[in-house]
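Here's the structure we're looking at; comments come further down.
Derivation of every value follows stated rules applied to the coordinates shown; laboratory data play no part. Because the structure is a prediction, the values reported are computed rather than measured. Every residue, glycine among them, receives a Cβ derived from its backbone with ideal geometry; neighbour counts consider all protein chains shown.
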Amino acid sequence: MIAIIKIDHIGIRVKEKERAIGFYGKLGFNLVADTGFEKGHPIMMEHPSGVVLNLLGPSTEEKDENILMDTNRKHAGYTHMALKVESLSDLEAFLQDNEIEITGRFSFKDMSALFVRDPDRNVIEFDEYPGENPGSRLLSADDEINAYDSHP
């Protein structure tokens, strides 16, 4: 077994540097460094929780279609990042105040989640569940396989 300690960072390809920095800044991420965005190197941002993002760019495609979560056609690839929050109701008020659209939601057992998209259509899931361990999201043999069908 490999001794993995934690997720080091999440890489997200973005089109417009300032727009992406502004969006993730609203979510509480602080700019650490721009290591050369225009040359394809990451903008590093860190949240006080310790979550680190590498915003990569610039996107070179004229028509950006992030289709991994929105269509019946399912392509291989990363679909979203999920962040645990203390309160979805506080988050909803924050999103409304900052004019960030909620694009989906679901509940399963004692876990609830909602989804937003960044300006480049990357999906961000926010989860609320009791305790430190997300046992609520584990399916048992008695649970229906389609419990997550309301995912965006």
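Only residues that are over 24 Å from Gly22 (Cβ atoms) and out of contact with any Phe, Trp or Tyr (no Cβ under 9 Å at 6 or more places or on another chain): list them for the stretch 88-126, please.
Ser89, Ser107 - these are the residues of the stretch 88-126 that are over 24 Å from Gly22 (Cβ atoms) and out of contact with any Phe, Trp or Tyr (no Cβ under 9 Å at 6 or more places or on another chain).
For the stretch 1-30, what are the residues that are under 25 Å from Glu61 (Cβ atoms), part of a strand (DSSP E or B) and not basic (Lys, Arg)?
Ile10, Gly11, Ile12
Note down all Cβ pairs under 7 Å where the first residue falls in the stretch 97-117 and is within 16 Å of Gly25 (Cβ to Cβ), the second is among the hydroxyl-bearing types (Ser, Thr, Tyr), and they're at least six residues apart or on different chains.
Correct list of pairs: Val116/Thr103.
For the stretch 77-87, name all the residues that are in contact (Cβ under 8 Å) with a residue 24 or more places away in the chain, touching a Leu at 6+ places or on another chain (Cβ under 6 Å) and within 25 Å of Glu16 (Cβ to Cβ).
Thr79
Residue-wise test of (1) out of contact with any strand residue (DSSP E or B) (no Cβ under 6 Å at 6 or more places or on another chain); (2) hydroxyl-bearing (Ser, Thr, Tyr); (3) within 15 Å of Ser49 (Cβ to Cβ); (4) buried (at least 16 other Cβ atoms within 10 Å of the Cβ).
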position	(1), (2), (3), (4)
Gln96	yes, no, no, no
Glu99	yes, no, no, no
Leu114	no, no, no, yes
Asp120	yes, no, no, yes
Ile124	no, no, yes, yes
Glu132	yes, no, yes, no
